[in-house]
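Read the figures in this text as sums done on the coordinates, not as results from a lab. Bear in mind the structure is a predicted one, so any value in this text is a computation, not a measurement. Cβ placement follows ideal geometry from the backbone for every residue including glycine, while neighbour counts extend to all protein chains displayed.
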């Protein structure tokens, strides 16, 4: 029976991989969960080991002396201030970890390595992409493109696996919905806190991002579904040496989900939430004292495909932007917001530091994009993957988990 090694075991994606494998001890009798610290209890078949992925290969090899596994799930990620920093640090973490396994001899047991990346693969952080995004889309490597650390990691993985005759699989999740504390890209916690505090302040729920994105499509990844995919991909012959998009499989937008968020917290969406901020597609934003506009890269990713797709000169190839009706970072620092949270947290017995730990910058970007994000699941479907989850049900489920963890108030009855 197979054994596994999971890095990033406390992260929003790695944590769920650990628990997914932990739920099946007959199939996965030993699961090594690797992280700097242990934050919660694990199933009986999970063994936690300390590791600092920013250390050298020699230091990691010392920590990995007793760690063996046939399948490696590398889900670790360390956010840096620059894209070059992301390239250097995250590439070194993967490279040193793999070299450490070679030093201990554990690599001789490894059959497949599953690398978790994301849809930065397609440049979703740079502006409008070709839609739908498919795994055969060319990499954005032009002179005017910033370094993409996912490319560095995949090149490292490919070279290492070729050298050691090991199979690999790469996943591309997007806008992850999941539970994790202190995670850089935690969409659910910030959305929930924003709604709960808005209610505490006696307000209707206002979408803080782009009016344009509000009515466009987005693709989300439930962290539990992604973990199920990783377990499937580890054992599936058709997943060998392939990269796959991993999203929920439905067509979703915030115009559909935002009223559901409001209802969950016992609120209503403000009917004219965009009236003072949005005049027309030509005029753009007006009176955005609380929010603002941030231009992204001069040439969005779709510009690289413009000529072949007949889109040269089309407005979609012009510079994309992030638009915020409400600047969430500034909002989270307002005195009335802090006071409202303090009152709510004390009354409901919630963790008082949740507000300051929430990822407001990330949520502002995710909700503020003025372009849609559509990810194709065709390749995974053709390979035999049938997993699916309704995105609202995924978000609702995480709200419930966060309530149990005393981060959000319980559902309004």
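General observations
- Gain in span if fully extended, residue 109 to residue 134, counting 0.36 nm per residue against the direct Cα distance: 5.8 nm
- Cα long-axis angle, helix 223-235 against the chain (0 to 90 degrees, to the nearest 10): 30
- Each peptide in 255-261, 323-329 was scored by the mean count of other Cβ atoms within 10 Å over its residues; highest first, the order is 323-329, 255-261.
- Over segment 150-227, Cα pairs under 8 Å with separation of 6+ residues give a relative contact order of 34 percent.
- Residues residue 27 and residue 215, FRET efficiency given R0 of 60 Å [Cβ-Cβ distance, rounded to 0.05]: 0.85
- The convex hull of the Cα atoms of the chain, projected and averaged over all directions, covers 20.4 nm².
- Comparing 115, 367, 311 in a Gaussian network model of the chain where C-alpha atoms under 10 Å apart are linked, the largest mean-square fluctuation is found at 311.
- Using bins of 5 Å that start at zero, the share of Cα-Cα pairs per bin across segment 288-413 amounts to 2, 8, 11, 13, 14, 14, 13, 10, 7, 5, 2, 0, in whole %.
- Segment 134-268 - convex hull of alpha carbons, volume per residue in Å³: 162
- A convex hull fitted to the Cα coordinates of segment 31-127 yields 118 cubic angstrom per residue.
- Antiparallel %, DSSP beta bridges [both residues in the chain], to 5: 20
- Anisotropy class of segment 77-204 from Cα gyration tensor, a/c 1.5 cut: prolate
- Against the chain, whose longest principal axis comes from its Cα atoms, helix 254-264 is set at around 80 degrees.
- Simple label model, 7 Å out from Cα along Cβ direction - residue 381 to residue 144, nm: 3.5
- Distance-filtered residues of segment 80-112 - backbone nitrogen under 17 Å, label point 7 angstrom along residue 58 Cα→Cβ: 96-105
- Top of 36, 112, 68 by mean-square fluctuation, Gaussian network on the chain, Cα under 10 Å: 36
- Centre separation in Å (Cα based) which lies between segment 304-321 and segment 24-56: 46
- Within the chain, helix-based [θ] at 222 nm, where runs of 4 or more DSSP H residues each add -39,500 (n - 2.57), nearest 500: -11000 deg cm²/dmol
- In terms of its Cα atoms, segment 1-46 spans 27, 16, 15 Å along the principal axes, sorted from long to short.
- The distance linking segment 117-191 with segment 335-379 is 22 Å (Cα centroid to Cα centroid, whole angstrom).
- Using a cutoff of 8 angstrom between alpha carbon atoms and counting only pairs six or more residues apart, the relative contact order for the chain works out to 19 percent.
- Relative to the globular-protein estimate of 2.2 N^0.38 Å, the Cα radius of gyration of segment 130-201 stands at 1.65.
- The C-alpha atoms of the chain define a longest principal axis, and helix 149-164 lies at about 10 degrees to it.
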